[in-house]
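The values are calculated or read from the model by the stated rules, or taken from the named source; none is laboratory data. None of these values were measured; they are calculated from a predicted model. Please note: Cβ atoms are built from the backbone with ideal geometry, for glycine as well, and neighbour counts cover all protein chains shown. Just the protein is used for accessible areas: all its heavy atoms, side chains included, with ligands, DNA and RNA removed. Shrake-Rupley method; radii C 1.70, N 1.55, O 1.52, S 1.80 Å.
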Amino acid sequence: AAVTSSGSSDPPGQLSCSLNATTSNFTTQIASATPGQVVCLASGDYSGFTGTSKSSPGITITSAPGAAVTFNSGMSLNPSNVQNFTLDGTGGGGTMTVGDELDIETSGDAGLNKALNLTFQNLAFTAHDGNVVLDGPENSNITFNRDTFVDANAACSGGSASGYSGIFYVDNAGSSTTQTGLTVENSVLVAPMDLWNPGRAVQDGAPMAFENNVVTGFVDHTESASCNHIDGLQWYSGTNGSTGGVTFTGNLCYDH
């Protein structure tokens, strides 16, 4: 039988690049992208990325075929001016690593009550202390899907944890609103082999969906450590009265 070419050289399932960017022009290329387009990043460190705001359905930012894309200094996204984009680590045929904290918060309550529609998928998070920090976006529709989170030992000072002691930290303390619309799914959250200081896979004081994930390795390895406080999962009531509304299903938790 005759075989008809589709006209595309992309492997099945691979995203097709609408625009290509490098570390020197990615800000301009992302700003130029229109809803529905895909921006492919060449190899390099894109730590200056602060997000973008597009109309629905937004844009996808991914790694170019064979590219190794990093955010060695993490990302700081202000909910007041980010909306409608996806970071897809492997969709374009490369890889994407976030080497420091992904911080999604803003001072006060500015811009907290809107659908951000942000998706982070197929990413490797490797921060030393706190992979992801969220503060208060309401009805935000933030999704983490098919990601890998590797925690490290948090800092210890005077017998207490210093900084954010965990992979996923959802904080309502500085906001009068309640973080809602967060989904973490189909992902792997793992502690290092030498975990001994405070460490948590998830610390959350707000409603969220946590589904079909693997959580492993959160167990004390050194009983004499001054800051032992290891939790795979820790849910608590926020200072603004937020509580409940957590969907926890289909997860595999072991070696705790």
Contacts under 8 angstrom Cβ, first residue in the range 78-103 being touching a residue at least 24 places away in the same chain (Cβ under 8 Å), partner among the aromatic types (Phe, Trp, Tyr) and assigned to a loop (DSSP other than H, G, I, E, B), 6 or more apart: GLU101/TYR164
So THR97, is it touching a Leu at 6+ places or on another chain (Cβ under 8 Å), within 19 Å of THR23 (Cβ to Cβ) and not in a loop (DSSP other than H, G, I, E, B): yes
Among residues belonging to the range 194-219 that are modelled with pLDDT of 80 or more and under 11 Å from LEU182 (Cβ atoms), point out the one that is most open to solvent (accessible area, probe 1.4 Å). PRO207
Of the residues in the range 38-65 that are at positive phi and touching a Ser or Thr at 6+ places or on another chain (Cβ under 8 Å), the one that is least open to solvent (accessible area, probe 1.4 Å) is GLY58
